[in-house]
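Structure, as structure tokens:
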Amino acid sequence: MLFTKRGPTKYDILREGEETILRINYEDYPWYPSIEEDPFCMSDTCNKLAEVGNVTKIVFSQKRDFEYDYNQTQILMEIAKLYNYLIKQKDMFSWQNMGTPTNTKFNDARYNEIKNIISNLLRSDPVGAYVTLKRIMRREKITFEKTLDTNDAQSISKYMKLVDYLIKSLEKTKLITIAKPYISGYKLGDRSVYKQIFSPLIKPDFMYTKLMASYPKDAEELDSYSVGDTEIIIFEIPGSVQLLYHMMPPEFKLSEEKYEILDLARNIMAEHKPKRSEFVDPERMRQVFYNVGHDLLEELAQHKGVRITQKDLDELTKILIRYTVGFGLIEVLLEDEKIQDISINSPMGQIPIFVVHQDFGDCNTNIIPIHREAESWASKLRLISGRPLDEANPILDTELELPSASARVSVITEPLNPTGLAFSYRRHRNKPWTFPLFIHNKMMNPLAAGILSFCVDGTRTMLIAGTRSSGKTSLLSSIMVEIMRKYRIITIEDTLELPTNSLRKLGFNIQPMKVASALAQGSSEMSASDGIRATLRLGDSSLIVGEVRSTEAKALYEAMRVGAAANVVAGTIHGDSPYGVFDRVVNDIGVPKTSFKATDLIIVANPIKSADGLHRFRRITQITEVRKLWEDDPMLEKAFVDLMKYNPKTDTLDISKDLINGDSEILKSIAGNIKEFAGDWDAVWDNIQLRAKTKEAITRMAEKANRLDLLEADFVIEANDRFHQTCDKVKNEVGSLDSKRIFLEWESWLKREFKKR
């Protein structure tokens, strides 16, 4: 224990893996502990570093943890080592070493001057010590030039050598090297230079995740916005191709009294360990914990004599729930609708969280989770999913439902991941995607939307292919929006990603089914293959398979061939081309070639990169039909016929010559079952263009009015229903599907609805 005028400070040396942490307790210290702002804290820390030797991290504890990382710790460690060395060199600073004993007054003044710099200033203000020494050197040079007495000159010369030695010793340290550009005009006691060097990660006591609160130096702000009470700023870092997603949530801006109340409440609530049964209904569980936490915080505030408003109490309760039964700052990230993916890599405590932002792509963040937080997340995900995560089952896929967002979560652990836990969160959009939204975002054009709409009503079988993060599931959800609400839909997924709840609330007749993961071992859940076969006993339904991964593909094609294709059958699969899909389905999974012919359309979605490699855009790159008259190799026998293909020069989908010429077996097959289209390609093409015009009209009208909310599923579904009703009305009135009349009537409805809303 080190006793000072301001009271005692205790410290501990902690070892966590390869880390050696100096943790100093500043609970009784009346000011914020800070190396960069407080000379006492800097001096106190140097004392402890000199005493304990090498450490890799410094942590100040005072309601919040203030953590200085390895690089900052080493900068101060150099100063502590220099101080420790110099105070042991007593002979170097004795008056005998300063000169002759005939001028003791002269030497005593210099001895006290140097002693003060080494004993005090070096630890509390090393930059001040360096600047003072430089100024002493200038003073002594002037004095030396004016001195006539030989003994005085000898003393000054020796003194200058000592000062020069100290200056050079400090110049060898990294701190002075970094500080030199900021020293010009330096005033003793000015600590602004240290703010350029030291910046701690801050973590309140009630949470585990650490956050770099300060803004990056010399960074350019690209965008800023708020998500609730959380401030978001996107920075471009000089010399880096990676952007920074900087978050400042409300829990980092509370008063010390509120921090204390939250910490007490969290410790009390942490005594209750949620059970699996409570996670079955997470919404109800959160409400129960919210009510308990709200009352507890109110009681603690009264007990501590802290005045808080009802609004403050509500905010504190939300924060408390996040750090008890919730997922901490992960929930704050998922509240941001612009976040698409969250990656948390191991080892914990060393690497920041990474995100994929819809406007800025891949970004680093100012958030660093630690091992204890990761273990907490893993435990909760085991309870939520009912699936194991251990050495025998090192992979866990599940879904996470939060009040403001839902996400697919993948977790890996040892031995698959040798450095421990790692997480990937794929945020689901709050509402289903729609064709007009994709037109607005240039993933497809109106004609592609018209073709796909025609094929959905034509009950075709479709596979949506693409690489990871290409938008496959989003495109599949937009196809579900195109299915008329009069038809039943059955979805099959091992991890729930499709927007079934949203579609149900919008009036769809939809039944989700959850099956065992392809990677799960010894699970009690039904396999995907059995799940697909079970759908055949559930009556006439559209069948949507979240992702075709493994042997369930055989059951899917079995369903297609025995009659499920009376309605739409669609799913997603990894593959970057039609032949890539064939190769995966037939050669990798083992579906017979004759069964593969049940596929009508392959829609390929892939990310397109800019020439500089810094930007990425999602696009449909191919809409390809699969013809049936081939035997062995669909590529060589020209069974894959593109209806549309992406043109990188125009950044849009172009119509193929086959489609222009009306050479599409799939579209003709659809037409063959419809009286108005049978044998009449012009009528088919006219209807596709009509559908394209309706999608484009919604998109352009919403863009022009800056009402992008009208591109969302609730309005688009109404527009789709109105389109079908208008088609039926016009056919009954004039005996045919008069496209011009249908569009005029439908457009009139659209304009009226826009004015109403």
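The values are calculated or read from the model by the stated rules, or taken from the named source; none is laboratory data. The shown structure was predicted, so the numbers you read here are calculated from the model rather than taken from an experiment. Methodologically, a virtual Cβ is constructed for each residue, glycine included, from the backbone with ideal geometry; neighbour enumeration extends over all protein chains shown. The area values use the complete protein model at the heavy-atom level, side chains included, leaving out ligands, DNA and RNA. Shrake-Rupley method; radii C 1.70, N 1.55, O 1.52, S 1.80 Å.
With Met644, Met635 as the choices, which residue is surrounded by 12 or more Cβ atoms within 10 Å (Cβ to Cβ) and part of a strand (DSSP E or B)?
Met644
From the set of residues in the stretch 404-426 that are small (Gly, Ala, Ser) and outside any strand (DSSP E or B), which is surrounded by the fewest Cβ atoms within 10 Å (Cβ to Cβ)?
Ser404
Determine, yes or no, whether Asp728 is part of a helix (DSSP H, G or I), at pLDDT below 95, closer than 21 Å to Ala448 by Cα and more than 40 Å from the chain's Cα centre (by Cα).
Spelling it out, it is not the case that Asp728 is part of a helix (DSSP H, G or I), at pLDDT below 95, closer than 21 Å to Ala448 by Cα and more than 40 Å from the chain's Cα centre (by Cα).
Here are the criteria: (1) in contact with a strand residue (DSSP E or B) (Cβ under 8 Å, 6 or more places away or on another chain); (2) open to solvent by less than 50 Å² (accessible area, probe 1.4 Å); (3) on the phi > 0 side of the Ramachandran plot. Tell me which single one Asp44 does not satisfy.
Here Asp44 clears every test but (3).
Which is touching a Ser or Thr at 6+ places or on another chain (Cβ under 8 Å) and over 30 Å from Lys304 (Cα atoms), of Tyr245, Tyr215, Tyr225?
Among Tyr245, Tyr215, Tyr225, only Tyr245 is touching a Ser or Thr at 6+ places or on another chain (Cβ under 8 Å) and over 30 Å from Lys304 (Cα atoms).
Please find, within the stretch 183-211, the residue that is nearest to the chain's Cα centre (by Cα) out of those that are assigned to a helix (DSSP H, G or I) and touching a residue at least 40 places away in the same chain (Cβ under 8 Å). Spell out the reasoning first.
First, pick out the residues of the stretch 183-211 that are assigned to a helix (DSSP H, G or I): 192-195.
Okay, now just the ones that are also touching a residue at least 40 places away in the same chain (Cβ under 8 Å), so 193-195.
On the way: Val193: 33, Tyr194: 31, Lys195: 28 Å.
Once the filter is applied, the top-ranked residue is Lys195.
Need the failing condition index for Asp218 against (1) part of a strand (DSSP E or B); (2) surrounded by fewer than 21 Cβ atoms within 10 Å (Cβ to Cβ), just the number.
Among (1) part of a strand (DSSP E or B); (2) surrounded by fewer than 21 Cβ atoms within 10 Å (Cβ to Cβ), the lone unmet condition for Asp218 is (1).
Taking into account only those residues within the stretch 201-229 that are within 20 Å of Glu257 (Cβ to Cβ) and not small (Gly, Ala, Ser), which is modelled with the highest pLDDT?
So in the stretch 201-229, the residues within 20 Å of Glu257 (Cβ to Cβ) come out as 202-207, 213, 229.
Retained after the next criterion (residues that are not small (Gly, Ala, Ser)): 202-207, 229.
On the way: Ile202: 76, Lys203: 72, Pro204: 67, Asp205: 61, Phe206: 60, Met207: 65, Asp229: 89.
Residue satisfying both the conditions and the ranking: Asp229.
Can you find, within the stretch 62-76, the residue that is modelled with the highest pLDDT among those that are part of a strand (DSSP E or B) and within 28 Å of the chain's Cα centre (by Cα)?
In this case the residue turns out to be Tyr68.
Consider Tyr182 carefully, then state whether it is out of contact with any helix residue (DSSP H, G or I) (no Cβ under 8 Å at 6 or more places or on another chain), farther than 20 Å from Glu335 by Cα and open to solvent by 40 Å² or more (accessible area, probe 1.4 Å). It would help to see each step written out before you state the result.
Working: out of contact with any helix residue (DSSP H, G or I) (no Cβ under 8 Å at 6 or more places or on another chain): no; farther than 20 Å from Glu335 by Cα: yes; open to solvent by 40 Å² or more (accessible area, probe 1.4 Å): yes.
The answer is no for Tyr182.
Can you name the number of the only condition in (1) surrounded by 14 or more Cβ atoms within 10 Å (Cβ to Cβ); (2) under 43 Å from the mean Cα position of the chain (by Cα) that Ser669 fails?
Among (1) surrounded by 14 or more Cβ atoms within 10 Å (Cβ to Cβ); (2) under 43 Å from the mean Cα position of the chain (by Cα), Ser669 violates only (2).
Results for (1) under 13 Å from the mean Cα position of the chain (by Cα); (2) closer than 30 Å to Leu506 by Cβ, shown as yes or no for each residue.
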position	(1), (2)
Met348	no, no
Ile353	yes, no
Val356	yes, yes
Gly361	yes, no
His371	no, no
Leu389	no, no
Ala392	no, no
Thr398	no, yes
Thr419	no, no
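Pick from the stretch 434-468 the residues that are open to solvent by 30 Å² or more (accessible area, probe 1.4 Å) and farther than 20 Å from His724 by Cα: which of them is nearest to the chain's Cα centre (by Cα)?
Only one residue fits best here, namely Arg468.
Being hydrophobic (A, V, I, L, M, F, W, C) and free of Cβ contacts under 8 Å to residues at least 24 places away in the same chain is the filter; apply it to the stretch 582-627 and report the residue that is most open to solvent (accessible area, probe 1.4 Å). Let's see the steps before the verdict.
The initial filter retains those residues of the stretch 582-627 that are hydrophobic (A, V, I, L, M, F, W, C), namely 582, 585-586, 589, 591, 596, 598, 601-605, 608, 611, 614, 617, 620, 623, 626.
Within this subset, residues satisfying the condition of being free of Cβ contacts under 8 Å to residues at least 24 places away in the same chain are 586, 611.
Numbers: Val586: 17, Ala611: 117 Å².
Filtering first and then ranking leaves Ala611.
If you go through the stretch 713-730, how many residues are surrounded by fewer than 19 Cβ atoms within 10 Å (Cβ to Cβ) and in contact with a helix residue (DSSP H, G or I) (Cβ under 7 Å, 6 or more places away or on another chain)?
1
Looking at the stretch 27-55, I want the residues that are farther than 13 Å from Tyr83 by Cα and have a partner that is of a type in the set (S, T, N, Q) and in a loop (DSSP other than H, G, I, E, B) with Cβ atoms under 9 Å, at least 6 apart or on another chain. Which pairs are those?
Pairs that qualify, where the first residue is farther than 13 Å from Tyr83 by Cα and the partner is of a type in the set (S, T, N, Q) and in a loop (DSSP other than H, G, I, E, B), are Glu36/Gln196; Glu36/Ser199; Phe40/Thr4; Cys41/Ser34.
Checking the condition in a helix (DSSP H, G or I) and within 27 Å of Leu506 (Cβ to Cβ), which residue from Ala719, Ala683 passes?
The match here is Ala719.
Would the stretch 121-131 turn up any residue that is at pLDDT 80 or above and surrounded by fewer than 20 Cβ atoms within 10 Å (Cβ to Cβ)?
Within the stretch 121-131, one or more residues are at pLDDT 80 or above and surrounded by fewer than 20 Cβ atoms within 10 Å (Cβ to Cβ).
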